[in-house]
Amino acid sequence: MSHHDLIIIGSGPAGRAAAIQAGKLKRKVLVIDRKDRLGGVSVHTGTIPSKTLRETVLNLSGWRERSFYGRSYRVKDDIHASDLKVRLHKTLDYEVDVLEHQFNRNHVATLMGQARFIDPHTVDVATHAGETVRLTADKFLIATGTRTYRPDDVPFNGKTIIDSDEFLELATIPRSLVVVGAGVIGVEYATMFAALDVRVTLIEPRPTFLDFIDRQTISEFMHQVRDNGLDLRLGAPIEKIEDAGTHVEVSLANGRHVRTEMLLYAAGRMGATTQLNLPAVGLVTDKRDRLEVDHKTYQTKVPHIYAAGDVIGHPSLASTSLQQGRVAACHALETPTLPESPWYPYGIYSVPEISTCGMSEEEANERGIPYEVGIARFRETSRGHIMGLEHGMLKMLVSLKTRRLLGVQIVGEGATELIHIAQAVLNLKGTVDYFVENTFNYPTLAEAYKIAGLDAFNRMPIPEEYKVKRPGAGKK
């Protein structure tokens, strides 16, 4: 039985960042992962695979060039599932290789197997070799991420009715696809397969979706995806999903039916905590098997046990998980670090992309903050014309009282890259004047910030110090 300063359960973004930070602090750290390879859900079935798949789809389909060459344009006429997997496997192998190198360089030990708490300072690990190893530690970090939610009334069969983890192992590209659940995962897969000219129906029981995004931005997004051929059905609860052998039959509560070759069930995820034996340490999870933490330190109710990443719920982003893991490790190992910024970007890698940072218009209204809005369309920029962009929008919210930037919402090509300009200005408490005063590279999509800034600026009262005083003004 060996003892460690910190044992981390899970090697996804939160576990990875915590382990490397602990290694750099020269502490004895061990990472336990139940899979055969390091990386967690993020590398093997989540963030990296889905974004790699998206890039492959857009490249092979010629999606980005269709405004110039027509909707029938394709780089490769016959796209097969094997074409999508080639780039996917290369990327995943590279990610694992980089992670293993980082762990080796920072003297992070690893053990592959299922961890189970015995008492607050002890875990047993059932290794893949069939052995049980007992380990102790001063501190623990639970970074086990999430698993797919599989309701009993959905007849999953691994071929035509599948969850988001199984979706990456497609044997063939279906001619039609139903996606259940208009969350981030469902929206991403639905829109990327619509870009492959697959007939996609996205079903969401609620009348709205992605409620944390500004409603005008969502309206713009809905217009684009419907124009791309996606059948979006909101407010449509499902009564029954039937495996009919040659097809899948979906019955909706409103009496309508959808027949499809394949169904992807992507309505929610659960915390991967059920096998950890958390009652042994006095921890209780919520209804989705997630843990509650102090969001400044990431301590659970048991002070020496921390949790970070998707296992603690919102915002469940790989980017925030990396930050949470690092902060948790620093606190656990009693090392000072900078506090987390309150402004972080959301990125949804759909087709088109959506990214936001700061307040939505709805949030500003709820807080009673007087504001002005600036809008820029990508087609208004020269770079947009060069790229052949017919759609795309940047929306900026500015405080009328302080002139400070309140939030930015972007939908369109490159949104997840462009949003970082807004993040920087928000964190530095910048005003709309920044976008008016400064020069942006031309031609670029980033110039949309200038256009939106001027749009808001020109509707706002001009500060006294900006007004040009004429000679003799004010004299009687």
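Observations on the model:
- Check on GLY62, at positive phi, modelled with pLDDT under 90 and out of contact with any Pro (no Cβ under 7 Å at 6 or more places or on another chain): yes
- Being surrounded by fewer than 17 Cβ atoms within 10 Å (Cβ to Cβ), within 15 Å of VAL408 (Cβ to Cβ), out of contact with any Cys (no Cβ under 6 Å at 6 or more places or on another chain) and modelled with pLDDT of 95 or more is a property that GLU363 has.
- Considering segment 185-234, the residues that are in a helix (DSSP H, G or I), of a type in the set (A, V, I, L, M) and surrounded by fewer than 21 Cβ atoms within 10 Å (Cβ to Cβ) include one that is nearest to the chain's Cα centre (by Cα), namely ILE218.
- Condition check for GLN299: farther than 30 Å from ALA190 by Cβ and without any contact (Cβ under 8 Å) to a residue 60 or more places away in the chain: yes
- Residue check: GLY130 meets all listed conditions (1) at positive phi; (2) at pLDDT 95 or above but one, namely (2).
- Taking (1) free of Cβ contacts under 8 Å to residues at least 24 places away in the same chain; (2) under 21 Å from the mean Cα position of the chain (by Cα) in turn, GLY40 satisfies each apart from (1).
- Test: residue in segment 421-428 that is at positive phi and surrounded by fewer than 23 Cβ atoms within 10 Å (Cβ to Cβ): no
- Scanning segment 124-172 for residues that are over 25 Å from GLY268 (Cα atoms), surrounded by fewer than 19 Cβ atoms within 10 Å (Cβ to Cβ) and touching a Ser or Thr at 6+ places or on another chain (Cβ under 8 Å) yields a total of 5.
- Residues that are in a helix (DSSP H, G or I), in contact with a strand residue (DSSP E or B) (Cβ under 9 Å, 6 or more places away or on another chain) and crowded, with 17+ Cβ neighbours inside 10 Å are absent from segment 109-123 altogether.
- In segment 437-453, the residues that are assigned to a helix (DSSP H, G or I) and either surrounded by fewer than 14 Cβ atoms within 10 Å (Cβ to Cβ) or touching a strand residue (DSSP E or B) at 6+ places or on another chain (Cβ under 7 Å) (or both): GLU437, ALA448, TYR449, ILE451, ALA452, GLY453
Matching residues to (1) within 28 Å of GLY414 (Cα to Cα); (2) assigned to a loop (DSSP other than H, G, I, E, B); (3) in the same structural domain as PHE140 (by TED's automatic domain parsing):
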position: GLN275; (1), (2), (3): no, yes, yes
position: GLU292; (1), (2), (3): no, yes, yes
position: THR297; (1), (2), (3): no, yes, yes
position: SER319; (1), (2), (3): yes, no, yes
position: VAL327; (1), (2), (3): no, no, yes
position: TRP343; (1), (2), (3): yes, yes, no
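- Set LYS28, LYS85, LYS51, LYS35: member being closer than 23 Å to GLY414 by Cα and either surrounded by 13 or more Cβ atoms within 10 Å (Cβ to Cβ) or in contact with a Gly (Cβ under 7 Å, 6 or more places away or on another chain) (or both): LYS51
- When segment 329-339 is limited to residues that are touching a Lys or Arg at 6+ places or on another chain (Cβ under 8 Å) and assigned to a loop (DSSP other than H, G, I, E, B), the one that is nearest to LEU141 (Cα to Cα) turns out to be LEU333.
- Any helices (runs of 4 or more DSSP H) falling wholly within segment 17-90 and containing at least 1 residues that are charged (D, E, K, R): 47-61, 66-69
The values are calculated or read from the model by the stated rules, or taken from the named source; none is laboratory data. What you see is a predicted model; the values in this text were computed from it and never measured. We place every Cβ from the backbone using ideal geometry, glycine too, and count neighbours over all the protein chains shown.
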